């Protein structure tokens, strides 16, 4: 039992992201409305972004990845210790991923708008019915 | 269908939970992610690029190639929205009913198809879905937008020393234009920042980024190795890397700002650019 508690206390961040990710996955599979599917995709992306950011954390009083008193010009004499600053790499990766996810969200909504223009609905089963009616029985 | 989805989500979640047993604890300073290249960035970035913000230094300098193509992804997403949605010309299902507001009196005129359009600065074209004047919203946004844009420029320019950079500043600048379009109307926003301007800015941002890299090649350094730009800036190699980061961030900010605005224009008006939200 105490092993399980240690396991949970040490890794509770992953549990939160897995819960969030599964909410997104469920929405993408189960929801029939395309807009809700897109929202599910966004929740899924958020879970991945949070997961990456949490891997950057360092315990023991590590600060944000900006060198303290590092302004001024030319070579700095401050020797920065890696343990004093959290890992900058996941922040860099997610910084670009957030903006790219907004841009791809725009493309997803654009495609949904085109589908709505074509079939007059965003419900998946109704779209399938209309395609079946147009092609004469073939799905 | 719902049961299948629930079962697969639960199964997938359980497998992932078992996978976390192999993962490092939360906040572990010796985790694999924090132990290979990351300490080198933290210890050397300031001396090598003269940028205290390590995130900016890694984003625009060490991993500049990655960021170049992230910017290209944003650009191509904006292009995809344009090509998929944009419809030129009038809507034939809804004949062009033009509504004008006489500004001094607030009276609304309807011009039927073929009618004469008043040619006077006192008339303002308004949307068919008539929205009454909202003095509070319009005045507040008019007051607040210059400060939002100033803050966006600060975030881009001060990205070396504080949290910020091209992506964040670009999104803030784009949000200011979108706020203007929401609070006034799409037609007025298009008058301030037209479709052609946003398209050219979007391409220009990627061009500045790739051009800075190509300039390094011309100066005899590697692609995106800004220390090769030192003779152009008239500073030493480390300062040149700092200035090169700034040039690249300006390109990113320009591309992201106009991509956000461009996507909004096309999505909000279903590609017609006549009446927005």
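Tabulated values for the structure
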read-out	value
Total residues in region B:204-235, condition surrounded by fewer than 17 Cβ atoms within 10 Å (Cβ to Cβ) and within 16 Å of the chain's Cα centre (by Cα)	2
Matching residues, region B:134-185, being within 17 Å of residue B:268 (Cβ to Cβ) and without any contact (Cβ under 8 Å) to a residue 40 or more places away in the chain	B:176, B:179, B:180
Criterion (in contact with a strand residue (DSSP E or B) (Cβ under 9 Å, 6 or more places away or on another chain) and in contact (Cβ under 8 Å) with a residue 60 or more places away in the chain) met by exactly one of A:42, A:33	A:33
Filter pass, residue B:238 being more than 14 Å from chain A (Cβ to nearest Cβ) and either within 20 Å of the chain's Cα centre (by Cα) or surrounded by fewer than 22 Cβ atoms within 10 Å (Cβ to Cβ) (or both)	no
So residue B:34, is it facing chain A (nearest Cβ under 7 Å), crowded, with 20+ Cβ neighbours inside 10 Å, within 17 Å of residue A:81 (Cβ to Cβ) and out of contact with any strand residue (DSSP E or B) (no Cβ under 7 Å at 6 or more places or on another chain)	yes
Selected residue [modelled with pLDDT of 90 or more and away from chain A (no Cβ under 11 Å)] from B:263, B:245	B:245
Residue within region A:91-104 that is in a helix (DSSP H, G or I) and over 30 Å from residue B:242 (Cβ atoms) present	yes
Where a residue in region B:3-30 is more than 7 Å from chain A (Cβ to nearest Cβ) and its partner, wherever it lies, is not in a helix (DSSP H, G or I), with Cβ under 6 Å and at least six apart	B:24/B:31
Residue check, residue B:147 surrounded by fewer than 21 Cβ atoms within 10 Å (Cβ to Cβ), farther than 27 Å from residue B:273 by Cβ and at pLDDT 90 or above	yes
Candidate set: region A:38-72, residues that are more than 10 Å from every other protein chain (Cβ to nearest Cβ) and not in a helix (DSSP H, G or I); chosen: the one modelled with the highest pLDDT	A:63
Test for residue A:22: is it under 17 Å from residue B:19 (Cα atoms) and crowded, with 16+ Cβ neighbours inside 10 Å	yes
Every residue from region A:35-70 that is surrounded by 19 or more Cβ atoms within 10 Å (Cβ to Cβ) and over 18 Å from the mean Cα position of the chain (by Cα)	A:58, A:62, A:65, A:66, A:67
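The values are calculated or read from the model by the stated rules, or taken from the named source; none is laboratory data. Model, not experiment: these values are computed from the prediction. Neighbour counts run over all protein chains shown; Cβ positions are idealised from the backbone, glycine included.
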